[in-house]
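See below for the structure under consideration.
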Amino acid sequence: MVGDRSGAASVADVTSAKARPVPSMADVAALAGVSSQTVSRVSTGADHVKPETRARVLGAMKALGYSPNGAARALRYGNFGAIGVIAHRLARTGESRTVEAVVEAARLHGYTVSLVDVRSPSSDDVTAAAARLSHQAIDGLVIIRAETETPAALALPPHLPVVVSDSRLFGHLPAVGADQSDGARRAVQYLLGLGHTTVHHLAGPEDSSPAQMRAEAWETTLRDAGRPVPPPYRGDWSAESGYQLGRTIAENATVTAVFCANDEMAAGLCRALHEAGRRIPEDVSIVGFDNIPLADFLWPPLTTVAQDFASIGNRLVELLVEQIQDGAELADSRTIIPVELVVRASAGPPPVRP
């Protein structure tokens, strides 16, 4: 009889567990102190939800174990064969080539890719994009250059595997990036080694983390060598900005070497110098960054720092797959991909002054 009662109790326990109610949208709304409509908007990644409200709703979802639908509830099991990618300004070389590498690596791992190009890397835009992608049944998420984010500002869907590239979220989410600082250091040291007294810098935009790291390494390398640090010229990554700033640079006869934060701006600078009658590298030496395919076909061919975008994409996907398939905890994982200085003909010794 005891055995029978024990067995009956066990069945009752199982039945009770199965009957336990699944958290509803109304439960989330009550816990977060918002309306069900707001919960719905957060679930679908709709705009016009305050960041603090979105974070509160996502926190309530996580606390209750709520998922917007049955598909989202299965995210952690890796059943969909799809990953999401959030990028910002795909026209930029770094973003576009990283996305290309992620797509190829995902294909090799048997995953398709859903891509969202956000208007800005703000917490609201990135959080909304993450929620929208998670609602589309993805297994994990790659965030490329969430440059202005902090862990406190970025609210991501619960249980969603995430990896970031070149982000300030290093140390809080699994992250992969090229060695920006070493690349800039190599470029500046190479130009100084050719005999230039100092190196001017055509920098990227201030809101870009890679641009900041390259500019900081440029300045540090000059200071460590005891060389003067001239004011940087600030571009926006485009060849047009390189050309317009290059016209100003061309008027400065003291400039003999320029480290450009990317190859597109270097190309614009090359044209401006040519139009001003200043020869490359006899009058001005130039080193770029990225090693885009066009760099080898400029005249003269551009010396530049090569980023290994294929390795970056492969490692991003590897870290994501480890989380999806193995449930690995990788928050502290940080992979720095080495860079290489590719020497061509755009840099040489400084001109001999009379």
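Counting the residues of the range 77-110 that are over 23 Å from Ile337 (Cα atoms) and either surrounded by 15 or more Cβ atoms within 10 Å (Cβ to Cβ) or at pLDDT 85 or above (or both) gives 5. The set of residues from the range 196-229 being modelled with pLDDT of 95 or more and in a helix (DSSP H, G or I) comprises Arg214, Ala215, Glu216, Ala217, Trp218, Glu219, Thr220, Thr221, Leu222, Arg223, Asp224. Scanning the range 264-276 for residues that are of a type in the set (D, E, K, R) and surrounded by fewer than 24 Cβ atoms within 10 Å (Cβ to Cβ) turns up Arg271, Glu275. Taking the stated definitions as given, is Gln212 within 28 Å of the chain's Cα centre (by Cα) and surrounded by 21 or more Cβ atoms within 10 Å (Cβ to Cβ)? Criteria not met by Gln212.
The values are calculated or read from the model by the stated rules, or taken from the named source; none is laboratory data. It should be emphasised that the depicted structure is a prediction, and the values quoted were computed from it without experimental measurement. Here Cβ is always computed from backbone atoms with ideal geometry, including for glycine, and neighbour counts include all displayed protein chains.
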